[in-house]
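Just so it is clear, none of the values below were taken in a lab; they were calculated from the coordinates. Treat the numbers as computed from the prediction; the structure is a model and nothing was measured. Counting neighbours? That spans all protein chains shown, and the Cβs are built from the backbone with ideal geometry, glycine included.
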Amino acid sequence: MMNKRKHRLIVWILTVALLLSLPVAAMAEGEPDEKQDPDVTEPAIGLDLDKDVELTIAPGPITMTGDAHPTRLPAAEVVYDVYKVADAEKENSVLSYHYVLADAFADILPEGTDISTYAGLKAIDNDGWREIAALAAAKVFGGEFSGSPVVTASPAADTMTLGAGLYLVIAHSGGMSEDEFVKWDESAETKTLIGTIARSAEYEYTYAPELISLPATREEIPAVDDADYTTSGGYWYYSVSATLKPLEEIRYGDLKVVKDLLVYNTNVDSVDPVSFVFTVRWQKINDVDEDEGSGSAILMLTFTEMGVKSALIEGKIPVGAKVEVEESYPGSGYVNTTPLVVGGLGDDNTDFRILAPEDENAPLTATFADKCENELFKGYGILNIYTFDENTGWGVPENSHDSSVPNS
């Protein structure tokens, strides 16, 4: 007996369409024809719109998924909401099908677009299908949608069983509400849908709404009036996999530097300010050893009395970056009573890393304490902040006496 093996064909969503110019990514599975070479496998030939289709969707390419990339998509806990936009109807025996829109999506098509005939489908290019997908998603989230998903919050690892038709796939993180995961552009007079969001601690993913046609075919169907056409020229697949291509962006978090001035000198005729300077360094190396953000900053806190002050670097350091904070100048006449350096870049095992904004322990905090010595030296510092212009170079500094947050 011949050994039957499954055949897999992998293509990206939003590439040139294989079926009716649809933006379909198909990885098809099927059993080989007994008459063919054992190494050649093909699925069943006929088009059966009453047959269920198994659909598996990967949330992104292998560079973002799998055990080798734990901080990326696996940590985003991506799920899918799937809506049936249209039913599939045969147009000419088993040769092809067209679509009949579901009532909830009856008014989404751009003017002049026809999906009720095979000829109309053939006239729609990839940009046209992307526009239809965006309009369908905007309909879902527009506030007056009367339909409901056929699949709700299906984990990325699951396989769905669906009937023939045209489906809208919305990807997002499972723990996010609609208000959180739907992203709109409200800068124009009429707001438009940008996409939907999934997040891990370190990355944010923006997904465009996707349309997937089921069942799928590996070869483009010729014109229905081609008398020589047979179904052997276009194999139909009922086990289909799609791979999404989200936009990945690094997330940023905050760092807080706290200074506790334990003893302040008052044994002088007039109270002089005292300044403390901190050097902050950070580095983010991702899971494929790429530098995703290194930098440094200088902070200064100035006191006129004992107490606690803090300075904040807000939204500038990549989440997951290792951080080193050094009290590089402890103030004239004062001595540090805690470690001069908190964290470190050289220690691969350091736990001093920038936290995601929603982390209950955020922001990451480095705390230092100082007190005065017996011998004091008058004077304090001014922190100069320079701005760089590509045309004029470094500008005049904007002086700031300190980087402190008032009353903190």
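Quick one: which of LYS51/LYS191; LYS183/LYS309; LYS90/LYS191; LYS84/LYS191 span more than 29 angstrom between C-alpha atoms? Violating the 29 Å Cα-Cα cut-off are LYS51/LYS191; LYS183/LYS309; LYS90/LYS191.
The calculated FRET efficiency for ASP67 paired with GLU180, based on their beta-carbon distance and R0 = 35 Å, is about 0.80.
Simple spin-label estimate for THR279 and THR350 gives 1.3 nm between the two label positions (7 Å along the Cα-to-Cβ direction from each Cα). When peptides 49-57, 319-327, 209-217 are sorted by average Cβ neighbour count within 10 Å, with the highest value leading, the order is 209-217, 319-327, 49-57. The label-point distance for ASN336 and THR367, in a model that sets each label 7 Å from Cα toward Cβ, rounds to 1.7 nm. Can you pull the percent of Cα pairs in the range 81-180 with separation above 16 Å? Everything past 16 Å amounts to 61 percent.
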